[in-house]
Amino acid sequence: MLSVLAWVNYPPVGAYGAAKSAAWSMTNVVRQQLAPEGIRVSALHVGWMDTDMAAGVTGAKSDPGEVARLAVDGLRDGADEIVIDELSRRVRAALSGGVAALYPQLSH
């Protein structure tokens with residue numbers, strides 16, 4: 001279980017995002033190590049989910065039941081990356097755009 005914060009990070013959640021980035025990196029290594037054994041490793045990325053952790057968030061949140069359903073669908077389909085919500089899809093798409101795409105507030 002990863003997060004959109006594996007790909008992008010913000011000061012209020014810096015340590016959490018760094019941990020998720022490290023977890024994504026480890027997921028990629030384990031994926032490569034286990035592939036020869038026929039074992040697939042999938043990563044689940046989601047933005048805000050309606051849990052106790054996000055209780056103070058006022059924006060849109062994914063329903064945990066829907067996240068679980070989409071996760072199972074992704075595992076069934078053999079997805080390497082299961083990207084749950086629009087925020088996560090946008091951030092993943094912005095990765096190739098570098099710092100300016102991920103953090104437009106830093107643009108000069």
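The values are calculated or read from the model by the stated rules, or taken from the named source; none is laboratory data. Keep in mind it's a predicted model, so treat the numbers as computed, not measured. Positions of Cβ are backbone-derived with ideal geometry, glycine not excepted, and every protein chain shown enters the neighbour counts. Areas reflect the complete protein model, heavy atoms only, side chains present, ligands, DNA and RNA absent. Shrake-Rupley method; radii C 1.70, N 1.55, O 1.52, S 1.80 Å.
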ask   = What is the range 36-95's relative contact order, in percent, from Cα pairs under 8 angstrom and six or more apart in sequence?
value = 45
message = Counting only protein heavy atoms and a 1.4 Å probe, tell me what percentage of the chain's accessible area is made up of carbon and sulfur.
response = 60
message = What three numbers, in Å, describe the spread of the alpha carbons of the range 1-40 along their principal axes, ordered from the longest?
response = 40, 12, 12
key: Calculated log₁₀ intensity ratio I(q)/I(0) where the Debye formula runs over C-alpha points of the chain, q = 0.13, 0.20, 0.22 Å⁻¹   = -0.53, -1.16, -1.32
task = Please turn the phi angles of the range 64-78 into ³J(HN,Hα) values with the Karplus equation 6.51 cos²θ - 1.76 cosθ + 1.60 (θ = phi - 60°), one per residue in order, whole Hz, x for glycine and proline.
result = x, x, 5, 4, 4, 4, 5, 5, 5, 4, x, 5, 4, 7, x
ask   = Using the Cα atoms of the range 43-93 to build a convex hull, what is its mean projected area in square nanometres?
value = 3.6
query = Zone of R40 (label point 7 Å along Cα→Cβ, backbone N under 20 Å): which residues in the range 58-84?
reply = 67-84
task = Provide the net charge surrounding S88, with neighbours chosen by a C-beta distance below 12 Å and charges set as Lys +1, Arg +1, Asp -1, Glu -1.
result = +1
